[in-house]
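Asks: One structure, pasted below without further comment.
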Amino acid sequence: MGAAEPDLYRDTWVRYLGYANEVGESFRSLVPVPVVWASYGVATAYVTADAIDKGRRAAAAHAQDPAQATRVGVAVADTFVWQSLASVAIPGVTINRLCAASLALLGAVTRWPLPLRRWATTALGLAAIPVIVTPIDRTVDFLMNSSLRKLYTAPGEPPAPH
């Protein structure tokens, strides 16, 4: 595995699978609930695969290190927790609440028919996805750097990149 090997889960189209649940939440007012839950399944599979990949990379990078198992465990745990928060939990709740509030607000202040309100809500949810990504990522970095990463990051050592 060379140093220049692209990260399948961060540098290719596969990365967008992590946004599946945000898309599912955006469409919640238009599709059956099992479709929304399936979108969480896709996003969770992405998070799990990325965490496993980071463990594989840590194992290869530290093959001669006696603390290899610890480094692999940290890589997997850090990636899984970070991705679970930044790619699934927080964005899912954010889009869910934004869409629910907008659907209720449109119902209260417009006379638009329900199908139009549902499509408008879906469009708003989809449009919000690129807007919320960076603030959520930075917030999760801050939260993890202030808590969990203090348990396994040596002083002066940079946190794991995401």
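Asks: If 111, 149 are ordered by their accessible area, calculated over protein heavy atoms with a 1.4 Å probe, which sequence runs from highest to lowest?
Replies: Result, largest first: 111, 149.
Asks: Taking only DSSP H segments of four or more residues, each worth -39500 (n - 2.57), what value at 222 nm results for the chain once the sum is divided by all its residues, to the nearest 500 deg cm²/dmol?
Replies: -23000 deg cm²/dmol
Asks: Please give, to one decimal in nm, the separation of the simple spin-label points placed at residue 8 and residue 37, each 7 Å out from Cα toward the Cβ.
Replies: A separation of 2.9 nm, rounded to one decimal place.
Asks: Put 72, 33 in order of accessible area, largest first, 1.4 Å probe: what do you get?
Replies: 33, 72
Asks: Any chance you could run the full-extension gain for residue 52 through residue 101? It's 0.36 nm times the residue separation minus the Cα-Cα distance, nm to one decimal.
Replies: 14.0 nm
Asks: From the mean inverse distance of alpha carbon pairs (Kirkwood) and the Cα radius of gyration, derive Rg over Rh for the chain.
Replies: 1.09
Asks: According to the square roots a ≥ b ≥ c of the eigenvalues of the Cα gyration tensor, what is the shape class of the range 9-48, taking rounded for a/c under 1.5, prolate for a/b larger than b/c otherwise, and oblate for the remainder?
Replies: Because a/c hits 1.5 or more and a/b exceeds b/c, the range 9-48 counts as prolate.
Asks: Now for a separate question. Give me the extension gain from residue 77 to residue 109: residue separation times 0.36 nm, minus the current Cα-Cα distance, reported in nm with one decimal.
Replies: Here the segment from residue 77 to residue 109 would lengthen by 6.9 nm.
Asks: Compute, for residue 142, the solvent-accessible surface of its heavy atoms (probe 1.4 Å) with the complete set of protein chains present, and express it in square angstrom to the nearest 10.
Replies: Surface open to solvent at residue 142 totals about 130 Å².
Asks: What angle do you read, to the nearest 10 degrees and between 0 and 90, between the alpha-carbon axis of helix 33-61 and the longest principal axis of the chain?
Replies: The angle comes out at about 20 degrees.
Asks: For a Förster distance of 22 Å, can you work out the FRET efficiency between the beta-carbons of residue 65 and residue 153, rounded to the nearest 0.05?
Replies: About 0.85, to the nearest 0.05.
Asks: Further, regarding this structure: Show 95, 90 ordered by accessible area, largest first, where the area counts protein heavy atoms only and the probe is 1.4 Å.
Replies: The residues order as 90, 95, largest area first.
The values are calculated or read from the model by the stated rules, or taken from the named source; none is laboratory data. These numbers come from a predicted model, not from an experiment. Quick reminder, even Gly has a Cβ in these numbers, built from the backbone with ideal geometry, and neighbours come from all protein chains shown. Heads up: the accessible areas ignore ligands, DNA and RNA and are worked out on the full protein's heavy atoms, side chains in. Shrake-Rupley method; radii C 1.70, N 1.55, O 1.52, S 1.80 Å.
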